[in-house]
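Trainee: Sharing a structure, written as structure tokens. Questions coming.
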Amino acid sequence: MVIVDIIALMKIIHLIIIISITILLGACTNDSQAEGTVPSSKEKSTIENKGSDTMVNLALAWAEEYHKIKPDVIISVTGGGSGTGIAALINGTVDIANASRQMKDVEFENALSNGKNPNEIIVARDAIAIIVNPNNPIESLTLKQISDIYSGKISNWIDIGGEDRPIVRLSRETNSGTHVYFLEEVLRLGDKEVKTLFSQDTLLLPSSEGISSEIRINPNAIGYDGLGYVTPDLKVIAVAKDEEAHYVLPSVETVINNSYPIARDLYMYIDGEPTGVTQEYLAWIFSPEAQLIVKDLGFVPIHNP
Amino acid sequence: MQESQNWSEFIITRLIKIAGYSAIVFVGAIFFFLLKEGLYALTEVQFSTFISDRWYPIEGYYGLLPLLEGSLIVTIGATLIAVPIGLGTAVFIAEVAPRWARDVLKPLVEVLGGIPSVVLGFLGILVFAPYLRVLFNLPTGLSAFTGSVLLAAMSLPTIVSIAEDALDTVPRSYRNASLALGATEWQTIWNVTVPAARSGIVTAVMLGIGRTIGETMTVMMVTGNAGVLFKGVKSFFNPVRTMTATIAAEMGEVATGSIHYHVLFFIGILLFMFSLAINITAYAVVNRKRKRSERILS
């Protein structure tokens with residue numbers, strides 16, 4: 001349901017998962033040592049992994065899967081947001097920071113002055129789908145048209161070849177990373193000088209599910225959501241970068257071949273060149289096995305597994 | 001024996017005293033905390049920003065007017081709907097309904113009060129908002145009106161049960177005297193019973209409003225949360241953003257100690273002031289000096 005508490009609840013659930021994994025790992029290693037069945041010559045290693053809430057499910061799934069392969073490596077995953085993860089990397093308290101956006105210049109300078117050399121690795125991608133009610137005859141839009149809709153320049157579907165209906169704009173709340181990405185890359189078309197804001201009558205809904213349920217029943221509505229959240233009863237709009245370009249529907253393939261314009265990279269940041277267990281873990285993340293997990297969770301793998 | 005009874009009495013009195021004072025301490029502590037966190041906002045943000053018309057905190061727009069208006073519109077709307085229906089129901093239950101209907105209605109109204117707000121919001125989103133959109137041909141059913149109706153439904157049980165209790169305490173002899181003078185049943189209710197129960201009815205209405213203005217979950221789910229200024233009666237059927245929904249939606253992710261954080265606490269202070277004003281008004285109305293005619297009546 002459409003509850004903000006869900007966000008808090010998810011965090012608690014994640015925390016519980018993390019704690020229980022840690023306990024389980026502890027129990028496993030203790031058992032093996034006690035029984036002496038696995039003579040572990042190697043030291044147990046821990047990888048601290050922190051950052052983006054968008055990516056926390058993915059990072060957890062990776063950590064769990066990797067632990068099955070390498071029981072000696074313990075990966076502890078926490079959320080908190082991209083900014084939190086990057087700050088932790090700068091302060092040297094984590095090995096890997098997850099981020100659903102690129103590091104800002106300020107953050108990069110802070111890192112350098114703190115003796116860190118952030119190394120950016122793209123680990124997965126995420127497409128943002130533009131969705132409307134299935135009864136809406138609109139099939140495709142350009143980025144400029146979407147920007148004009150959300151900035152309030154276009155307020156009726158008839159102006160872009162649809163029915164004579166008012167446009168109801170739906171967005172996530174301002175605390176969502178997806179909201180910020182949409183503002184910068186779609187509404188402002190990636191131009192940092194432009195200060196366009198969302199039209200004031202944009203409905204800010206507290207969850208992805210809130211957007212989906214309103215679009216399902218309201219033929220006036222338009223919204224955006226991560227590709228993983230789109231259900232078959234919503235109509236996905238084909239998007240073109242400009243009028244000359246082809247209209248493209250979001251999918252794993254179109255994100256991989258860069259033809260779908262509203263796709264973002266998901267990053268992991270480390271300090272300097274990866275070494276030891278971190279290097280092995282990052283190498284594993286690029287394996288078909290790990291990239292299949294990406295696909296299962298509704299994100300887009302960096303290459304098709 | 002005597003000794004131990006004294007001891008237990010001593011402990012019990014102390015416990016009751018602590019319980020009594022703790023309420024004061026809690027309210028004081030909450031108010032102190034709100035002021036401590038919220039008043040920074042006044043030094044960090046210019047007053048002209050507060051009275052601007054845009055709320056977009058991630059880019060430094062802290063206009064509080066749309067939020068204030070949003071809360072007011074929804075509260076006024078809910079009051080306009082709930083008060084006539086609530087008082088009508090209370091009068092019906094207390095004065096008109098036969099015994100058996102009364103025994104059924106009163107518990108039913110109280111059950112309505114036990115419905116969690118998130119469940120009402122859920123019903124609002126899935127059933128009520130789509131229905132209103134088609135009925136009034138609105139762009140979207142997520143509007144101030146939808147919020148008002150659902151909040152009215154939430155404050156109804158409070159209004160009905162307190163007003164009904166107040167009507168119940170009016171002595172039978174008043175009604176008998178009025179009827180004996182030849183007044184009709186309606187004249188008796190309107191001119192004798194309801195005025196005699198006035199202070200209780202005002203309390204009922206005020207508590208109902210208090211319930212409305214502080215409600216968060218339902219409004220966040222059904223009002224659409226778009227911070228738009230009021231532009232005529234039509235705005236009543238457009239989305240609004242209330243103060244409570246803003247705090248609930250944004251407090252979870254805001255960085256502690258940031259300007260945005262302090263402004264959210266400042267909104268909390270405003271809300272606190274609102275409910276305080278409502279409670280003081282109710283208190284003043286109930287305890288005001290009575291007119292001579294009312295003194296004789298009661």
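Trainee: Set Lys and Arg Cβ to +1 and Asp and Glu Cβ to -1, take the dipole of the protein assembly as shown about its Cα centre, and tell me which of A:Pro118, A:Asn91, B:Ala284 lies farthest positive.
Mentor: It is B:Ala284, whose Cα lies furthest towards the positive end.
Trainee: Would you calculate, for the protein assembly as shown, the mean residue ellipticity at 222 nm contributed by helices, counting each DSSP H stretch of 4 or more residues as -39,500 (n - 2.57) and dividing by all residues, to the nearest 500?
Mentor: -17000 deg cm²/dmol
Trainee: Please compute, for peptide B:218-227, the average count of beta-carbon atoms on other protein chains lying within 10 Å of each residue's beta-carbon.
Mentor: Mean partner-chain Cβ count within 10 Å for B:218-227: 5.
Trainee: Which aspartates and glutamates have a Cα less than 20 Å from the Cα of B:Lys231, not counting those fewer than 8 places away in the same chain?
Mentor: Within the straight-line cut-off, B:Lys231 pairs with A:Asp201, B:Asp53, B:Glu69.
Trainee: Place +1 on the Cβ of every Lys and Arg and -1 on the Cβ of every Asp and Glu in region A:126-263, take the dipole about the Cα centre, and give the residue among A:Ile160, A:Val255, A:Gln200 whose Cα lies farthest towards its positive end.
Mentor: A:Gln200
Trainee: What shape does region A:126-263 take by its C-alpha gyration tensor, where a ≥ b ≥ c are the square roots of the eigenvalues and a/c under 1.5 counts as rounded, a/b above b/c as prolate, and the rest as oblate?
Mentor: Numbers: a/c = 1.13, a/b = 1.07, b/c = 1.06.
Here region A:126-263 falls in the rounded category.
Trainee: Moving to a separate point now. May I ask for the equivalent-ellipsoid semi-axes of region B:39-297, computed as the square root of five times each C-alpha gyration tensor eigenvalue and listed largest first in whole Å?
Mentor: Largest first, region B:39-297 gives 40, 22, 15 Å.
Trainee: Over region B:39-297, what is the mean sequence separation of C-alpha contacts under 8 Å (at least six apart), divided by residue count, expressed as relative contact order in percent? Could you put the intermediate results ahead of the total?
Mentor: Details: 354 pairs, mean separation 68.2, N = 259.
About 26 percent, as a whole number.
Trainee: Of all beta bridges DSSP finds with both residues in the protein assembly as shown, what is the antiparallel percent, to the nearest 5?
Mentor: Values: 25 of 43 bridges.
If we restrict to bridges inside the protein assembly as shown, about 60 percent are antiparallel.
Trainee: Now for a different question. Please arrange A:Met103, B:Met220 by accessible surface area, largest first, computed with a 1.4 Å probe and ligands excluded.
Mentor: A:Met103, B:Met220
Trainee: Moving on. Could you grab the relative contact order for region A:126-263? Cα pairs under 8 Å, six or more apart, rounded to a whole percent. Mind dumping the intermediate values first?
Mentor: Working: 256 pairs, mean separation 53.7, N = 138.
Contact order relative to length: 39 percent.
Trainee: Also: If the reach is capped at under 12 angstrom between alpha carbons, list the aspartates and glutamates near A:Lys192, excluding any in the same chain fewer than eight residues apart.
Mentor: A:Lys192 reaches A:Glu184.
Trainee: Oh, and also: Average partner chain C-beta neighbours within 10 Å, per residue of B:245-251?
Mentor: Partner-chain Cβ atoms within 10 Å, mean over residues of B:245-251: 4.
Trainee: At 7 Å along Cα-to-Cβ for each site, give me the label-to-label distance between B:Phe50 and A:Phe286 in nm.
Mentor: 5.5 nm
Trainee: Let me spell out the model: positive unit charges on the Cβ of Lys and Arg, negative unit charges on the Cβ of Asp and Glu, origin at the Cα centre of the protein assembly as shown. What dipole size does that give, in debye rounded to 20?
Mentor: Once rounded to the nearest 20, the dipole reads 3040 debye.
Trainee: While we're here: For each pair in A:Lys70/A:Lys295; A:Lys44/A:Lys295; A:Lys50/A:Lys104; A:Lys44/A:Lys68; A:Lys144/A:Lys235, compute the distance between the two Cα atoms and list the pairs where it is over 25 Å.
Mentor: A:Lys44/A:Lys295
Trainee: B:Val286 accessible area, nearest 10 Å², 1.4 Å probe?
Mentor: 50 Å²
Trainee: How big is region B:127-245 along each principal axis, measuring the range of its Cα positions in Å and listing the largest first?
Mentor: Dimensions of region B:127-245 along the principal axes of its Cα atoms: 56, 27, 27 Å.
Trainee: Angle between the Cα long axis of helix B:99-113 and the longest principal axis of chain B, 0 to 90 degrees, nearest 10?
Mentor: 20 degrees
Trainee: Report the charge-dipole magnitude of region B:1-121 in Debye, nearest 20, computed about the Cα centre from +1 at each Lys and Arg Cβ and -1 at each Asp and Glu Cβ.
Mentor: Here region B:1-121 has a charge dipole of around 300 debye.
Trainee: Can you classify the protein assembly as shown as rounded, prolate or oblate using the Cα gyration tensor, where a ≥ b ≥ c are the square roots of its eigenvalues, rounded means a/c under 1.5, and otherwise it's prolate if a/b beats b/c and oblate if not?
Mentor: prolate
Trainee: Compare the Cα positions of B:Gly63, B:Ile16, B:Ala245 along the charge dipole of chain B (+1 at Cβ of Lys, Arg; -1 at Cβ of Asp, Glu; about the Cα centre) and return the one farthest towards the positive end.
Mentor: Highest projection toward the positive end goes to B:Ile16.
Trainee: Could you state how much accessible area is buried at the A-B interface, both sides summed, with a 1.4 Å probe, in Å² to the nearest 100?
Mentor: That pair of chains buries around 2600 Å² in total.
Trainee: Counting partner chain Cβ atoms within 10 Å of every residue's Cβ in A:192-205, what's the average?
Mentor: That average works out to 5.
Trainee: Another question, then. Kindly sort B:Met221, B:Met273 by accessible area of their heavy atoms, largest first, with the probe set to 1.4 Å.
Mentor: Descending order: B:Met273, B:Met221.
Trainee: Next question. Mind putting a number on the dipole of chain B about its Cα centre? Charges go on the C-beta only, +1 for Lys and Arg and -1 for Asp and Glu, and I need it in Debye to the nearest 20.
Mentor: Working: 21 positive and 18 negative charges, 202 e Å.
Roughly 980 debye for chain B.
Trainee: In what sequence, largest accessible area first, do A:His179, A:His67 appear using a 1.4 Å probe? Provide the component values of the computation, followed by the final result.
Mentor: On the way: A:His179 0, A:His67 40 Å².
Final ranking, largest accessible area leading: A:His67, A:His179.
Trainee: In nm, to one decimal, how far is the modelled label at A:Val180 from the one at A:Asp159, with both set 7 Å along Cα→Cβ?
Mentor: 2.9 nm
The values are calculated or read from the model by the stated rules, or taken from the named source; none is laboratory data. Because the structure is a prediction, the values reported are computed rather than measured. Please note: Cβ atoms are built from the backbone with ideal geometry, for glycine as well, and neighbour counts cover all protein chains shown. What goes into the accessible areas is simple: the full protein's heavy atoms, side chains included, and nothing from ligands, DNA or RNA. Shrake-Rupley method; radii C 1.70, N 1.55, O 1.52, S 1.80 Å.
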